[in-house]
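Structure record follows, encoded as structure tokens.
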Amino acid sequence: MIVDPNGRDPREFGDELLASPSPQRCPVARTSSGEVLVAGHAEVVEVATSPEQFSSGVSAHLQLPNGLDGEEHARYRALIDAYLAPAVVDRHGEAFRRIAREVVEQGLAGDNGRVDAVFDIGARFAVRAMTEWLGWPDELEDRLIGWVVANSRATRSGDPARTAAVAAEFDEIIGEVVRPRQEEPDAFDDVTAELVHDTSLGRALEFPEIVSVLRNWTGGDLGSMALSIGVILRGLAYDPALQERLREGVSRTEFTAIADELLRRDNPFVSNRRVTTCPVTVGGVELPEGQRVRIHWTAANRDPARFPDPDGFDPAGNAAHNLVWGTGPHYCPGKALSMLELQALVEELLALAAVAPSADPAVRSVHPVGGWHSLPVELERR
């Protein structure tokens, strides 16, 4: 089967690929661009956990650590994991809660509590939380918000030149933050400065390496966090009982299970690329060496062969097979940081307000972005 995900809502597209009964089901398909798209849960797990056959070295640009495999990936991953360990990121928890209260109060003070969950809450919180974590100046907020919007539009356009221009703009922002920390090493005490002077590889990182790591931590995370907040707030808006459960107070473990399940149903982290290193068969489809492959996480997380009720809500029952954060050696290293941010935002928001659906129309994202492009909700002060 030849398919074309471009211009499609990834959730709807994935559901069609994996529809039951089996004659319609297509867990592995070829796309009109020449890629092989892997959508079935079992097949996605097989690809993601087999880096010897499915390499992450797919980009012409330096991508640390995502674009590496094997021992080289493990070395850079160890460096990055040290910054993202729960005990390390937890020290920012109170700051994230303060930022969450500020963002929610701004939303409540606006248009009678009418906000766009993705932009007004998600993007603003994501930018402020990221700059707090990395030690970047507050003055960058409006510029970064503008970048999030421009990046979303460029991604939706599918225009490589437009996407490259937006990426270059972000690299310029990173350079402006990094260079002062290189020139005045004693003037800064923050995560970015730590990275700039990190020698855990037995040497200092080169400038392109620093930019690549920071791009990985920020450029992708800003949009992803905003989209995740949109998905979670929509789930809460339609589930007042879940809002009350969270107001009562839950552990980090329970919150993580709840957030993961809301994101599983509508995974905004749509896909990752791989390339085959040798002839290999997946889902009964024979692939040659050098075949470009796209893992479709959104589809796999709704595969009825693994989740009989894709739209159901079973945090405990579905946790073991949830692929929101990936699986295998490239499992997302930033989950602890993301969950710390998400729990801070959700709990502070629910302490101040109730979330309800809006009568204003929402707009879905399209490939290669998932979740909601725009999601109006109403906040009612408690």
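Any read-out appearing in this document is the output of simple, stated calculations on the displayed coordinates, not a laboratory observation. Keep in mind that what you see is a predicted model, and the values were worked out from it rather than measured. Glycine also receives a Cβ, built like all others from the backbone with ideal geometry; neighbour counts cover every protein chain displayed.
See the values below:
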read-out: Span from the segment 26-74 Cα centroid across to the segment 265-280 one, whole angstrom; value: 5
read-out: Approximate shape of segment 261-382 as ellipsoid semi-axes (Cα gyration tensor, √5λ), whole Å, largest first; value: 33, 16, 15
read-out: Segment 1-53: GluC sites (Glu not before Pro) in DSSP coil with no more than 15 other Cβ atoms inside 10 Å; value: E52
read-out: Amide H contacts of V285 (H built 1.01 Å from N, under 5 Å, at least 5 apart or other chain); value: none
read-out: Spin-label pair E172/S33, simplified geometry with 7 Å Cα→Cβ offset, distance in nm; value: 2.6
read-out: Cα-based Kirkwood hydrodynamic radius, segment 15-102, one decimal, Å; value: 16.8
read-out: Segments 136-144, 367-375, 318-326 sorted - mean Cβ within 10 Å per residue, highest first; value: 367-375, 318-326, 136-144
read-out: Relative contact order of the chain, pairs being alpha-carbon contacts under 8 Å that are 6 or more residues apart, as %; value: 30
read-out: Rounded FRET efficiency, nearest 0.05, which uses the C-beta distance separating R98 from R245 and R0 of 30 Å; value: 0.80
read-out: Added length on full extension, which subtracts the Cα-Cα distance from 0.36 nm per residue, N112 to D90; value: 4.5 nm
read-out: Max mean-square fluctuation residue, GNM over the chain, Cα-Cα springs under 10 Å, options L263, L233, L68; value: L68
read-out: Mean Kyte hydropathy of -1.0 or more with a Cα span along the axis of at least 30 Å, helices from DSSP in the chain; value: 160-183, 207-237
read-out: Extension reserve of the E380-D4 stretch, reckoned as 0.36 nm per residue once the Cα distance is removed; value: 131.2 nm
read-out: Where GluC sites (Glu not before Pro) fall in DSSP loop in segment 314-366, at most 10 other Cβ within 10 Å; value: none
read-out: Net lengthening on full extension, E105/E194 (0.36 nm per residue, minus Cα-Cα); value: 28.8 nm
read-out: Rg ratio (alpha-carbon, reference 2.2 N^0.38 Å) - segment 2-381; value: 0.98
read-out: Normalised per residue, the volume of the convex hull around the Cα set of segment 70-211 (Å³); value: 149
read-out: Spin-label pair A187/A305, simplified geometry with 7 Å Cα→Cβ offset, distance in nm; value: 5.8
read-out: Burial order of peptide ranges 237-244, 223-230, 300-307, 182-189 (average beta-carbon count within 10 Å, highest first); value: 223-230, 300-307, 237-244, 182-189
read-out: FRET efficiency estimate (nearest 0.05) - Cβ-Cβ, F207 to D159, R0 35 angstrom; value: 0.80
read-out: Whole-Å distance, taken between Cα centres, linking segment 190-211 and segment 92-161; value: 26
read-out: Vicinal HN-Hα couplings computed from phi for segment 367-382 (Karplus, 6.51 cos²θ - 1.76 cosθ + 1.60; Hz; Gly/Pro x); value: 3, x, 9, x, x, 10, 6, 8, 9, x, 9, 10, 9, 10, 4, 8
